[in-house]
Amino acid sequence: MNNAPIGPDSVSKSLTKLWFLPLALLIAGSTAGGALAMRWYIGSVPSLNGAEPLAATRAANSKTSAAAPETETTVIELAEDLWDVSGIEFQTAQRLPFSKTIQLTGKVSLNLDHIAHIYPMVEGAVDAVSVSLGQSVKKDDLLVIIHSREIGEAKLQLYQARLQLEIAQVKDRLQSDITKNARELISELREKRQISEIESLFRNRAMGDYRERLLAAYSNYLKSQADVTRLETVADSGAISGKTLLSAEANRNADLATFQSRIEQIEYEMETAVLLSSQAVKEADTRVAVCSTSLRILGCNDEDISDVNPSKQGESISHYPIRAPFDGTVLSKDVVLREQVRPDVLVLSIADLSTVWITTDIYEEHIPLLHDLANQSISIRNEIWPDRIFEGRVFYTGEVMDENTRTISMRAVTDNSERLLKPGMFVTVELAAAPEVDALQVPLSAMQEDQGKKFVFVHGNADKFERRDVNVGPANNSTVVIESGLAEGESVVIKGGFILKSRMLAELLGEE
């Protein structure tokens with residue numbers, strides 16, 4: 001053992017480095033019993049008593065790759081029962097797809113495709129308000145009722161049009177029945193049935209005046225025919241003159257012609273009557289459709305239109321209901337009872353917050369990324385929800401650059417069914433800056449730095465941890481690419497590395 005006294009130079013050299021010790025010793029002291037359980041093997045720094053470096057330990061634990069930076073190795077030993085106390089966690093270095101990302105500041109805004117600013121379509125006085133500010137509503141929920149004279153008059157016109165339609169339909173059905181019966185009667189008359197048989201067949205069937213006109217002409221024809229038949233039986237005996245028979249035949253032919261013309265005339269009248277009644281039904285139906293459409297244009301739904309009945313509704317027939325156009329939340333409400341409203345006055349605003357827009361500005365240097373962003377997914381983060389990553393789909397990338405900010409607007413839509421993203425919030429938007437490539441990478445939390453050198457702690461055998469200097473490549477928000485100094489499959493400390501680093505620095509200062 002070297003017992004030589006320490007000279008002034010040695011004291012001065014030791015005092016110049018004492019200012020590093022408080023921080024390292026404070027951290028070391030935070031681990032109960034840590035100073036007694038930890039041993040360090042530092043092969044590159046000579047001890048105060050002149051002992052040789054621990055080169056054998058350094059060589060046994062070195063696992064750097066052939067391309068690793070040339071540096072001396074430091075190995076630390078930490079008992080396993082202190083790992084949990086020190087917060088030590090490991091992760092295997094893996095070769096995985098890596099994509100460098102850029103981060104931009106974005107803002108949450110309302111989905112303008114799912115927002116409704118509600119104006120009344122008519123003038124009137126507010127009769128009822130069924131919602132409050134911030135209330136969630138479902139599609140077709142009743143929001144406001146307005147007492148409107150215009151609505152009342154339109155509903156009364158619809159009611160009258162429906163009555164006229166009912167009358168026209170009844171007349172059309174009656175005309176169809178009359179025409180059908182009359183045509184059957186004409187068919188029987190052409191078969192030269194007896195009057196008694198015809199009366200029996202058509203006694204209780206409606207035919208209007210067609211029955212009387214047809215039977216009168218038919219009776220005259222039958223009488224004339226009977227006269228001709230009677231005179232023909234006695235003509236050969238000379239009891240009557242030939243002139244009388246000719247006169248009877250002329251009368252029969254005239255009555256037959258009259259009967260046939262009557263049939264033709266009645267058939268024409270029936271066809272015309274059927275056409276007119278059918279046209280009357282169409283006109284009445286058109287008036288009903290026009291009145292119903294007018295009410296729909298004003299915002300009345302099918303249920304309101306179908307229930308129009310002045311005798312049952314009374315004054316409430318003038319009520320104009322305003323209903324929710326879709327599921328959403330009431331964002332603004334500017335309507336109170338008995339207030340006079342007009343079509344140019346905004347009464348309510350409703351928005352569907354189940355989806356929101358994310359707006360951000362793309363800087364000029366990142367414009368080449370826009371070509372690949374259309375309809376692609378992006379990651380969205382918010383500091384209020386640090387453990388959540390929201391996925392958005394880009395649907396708009398602007399074509400015009402803002403001359404003042406030198407940026408181009410980009411918009412994405414994202415799911416917000418949990419209502420975590422509030423319009424007006426600021427968010428961080430992450431965009432892929434390059435295609436994915438396979439690369440060896442470790443979490444950012446594994447990286448340490450000392451005197452400008454980056455390194456990680458690699459877990460070796462048993463309780464040993466080796467400082468491994470590495471060359472790093474590009475990094476994203478969670479991982480960093482290791483270009484050299486580390487091999488795939490090695491176990492890297494991703495948490496608790498600061499404790500190891502502090503202990504290492506404290507031992508280095510103590511050795512010196």
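The values are calculated or read from the model by the stated rules, or taken from the named source; none is laboratory data. Quick caveat, the model's predicted, so the values are computed rather than measured. Ideal geometry is used to build each Cβ from the backbone, glycine not excepted, and the neighbour counts take in all protein chains shown. Areas reflect the complete protein model, heavy atoms only, side chains present, ligands, DNA and RNA absent. Shrake-Rupley method; radii C 1.70, N 1.55, O 1.52, S 1.80 Å.
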Identity of the residue in the range 444-461, part of a strand (DSSP E or B) and not basic (K, R), that ends up farthest from F90 (Cα to Cα): D450
Would you point out which residue out of S502, S478, S484 is polar (S, T, N, Q), modelled with pLDDT under 90 and open to solvent by less than 20 Å² (accessible area, probe 1.4 Å)? S502
Which is crowded, with 17+ Cβ neighbours inside 10 Å, modelled with pLDDT of 85 or more and assigned to a strand (DSSP E or B), of F395, F390? F390
Return only the number of the condition from (1) open to solvent by less than 50 Å² (accessible area, probe 1.4 Å); (2) closer than 30 Å to I151 by Cβ; (3) not acidic (D, E) that F259 does not satisfy. (2)
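It is to be established whether one or more residues within the range 404-417 are within 30 Å of S502 (Cα to Cα) and at pLDDT below 90. So that I can check it myself, show each step before the final result.
The first filter runs over the range 404-417 and keeps only residues within 30 Å of S502 (Cα to Cα), leaving none.
Checking the range 404-417: not a single residue is within 30 Å of S502 (Cα to Cα) and at pLDDT below 90.
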Note down all Cβ pairs under 8 Å where the first residue falls in the range 308-330 and is over 30 Å from N111 (Cβ atoms), the second is open to solvent by 40 Å² or more (accessible area, probe 1.4 Å) and of a type in the set (S, T, Y), and they're at least six residues apart or on different chains. V308/Y159; N309/Y159; P310/Y159
Cβ-Cβ under 8 Å, sequence separation 6+ or interchain: first residue in the range 107-130 and basic (K, R), partner open to solvent by 50 Å² or more (accessible area, probe 1.4 Å). Which pairs? K107/F426
Considering only residues that are under 29 Å from S278 (Cα atoms) and open to solvent by 50 Å² or more (accessible area, probe 1.4 Å), which ones fall in the range 183-205? R183, E184, S187, R190, L201, R203, N204, R205
Hey, can you tell me all the residues within the range 90-129 that are open to solvent by 20 Å² or more (accessible area, probe 1.4 Å), under 20 Å from A412 (Cβ atoms), among the aliphatic types (A, V, I, L, M) and out of contact with any Pro (no Cβ under 8 Å at 6 or more places or on another chain)? I102, L112, I115
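Out of I408, I350, I380, I need the residue that is over 16 Å from G106 (Cα atoms), touching a Gly at 6+ places or on another chain (Cβ under 6 Å), surrounded by 11 or more Cβ atoms within 10 Å (Cβ to Cβ) and touching a residue at least 40 places away in the same chain (Cβ under 8 Å). Which one?
Values: I408 fails: over 16 Å from G106 (Cα atoms); I380 fails: over 16 Å from G106 (Cα atoms).
Within the list I408, I350, I380, the selection yields I350.
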How many residues of the range 407-443 are part of a loop (DSSP other than H, G, I, E, B) and in contact with a Ser or Thr (Cβ under 9 Å, 6 or more places away or on another chain)? The answer is 10
So which pairs qualify, if the first residue must be in the range 154-182 and open to solvent by 50 Å² or more (accessible area, probe 1.4 Å), the second must be part of a helix (DSSP H, G or I) and charged (D, E, K, R), the Cβ gap must be under 9 Å, and the two must be at least 6 apart or on different chains? Q157/R287; Q160/R287; R162/R287; Q164/E283; Q164/R287; Q169/D285
Candidates H371, H366, filtered to the one that is farther than 18 Å from K107 by Cα, assigned to a helix (DSSP H, G or I) and touching a residue at least 12 places away in the same chain (Cβ under 8 Å): H366
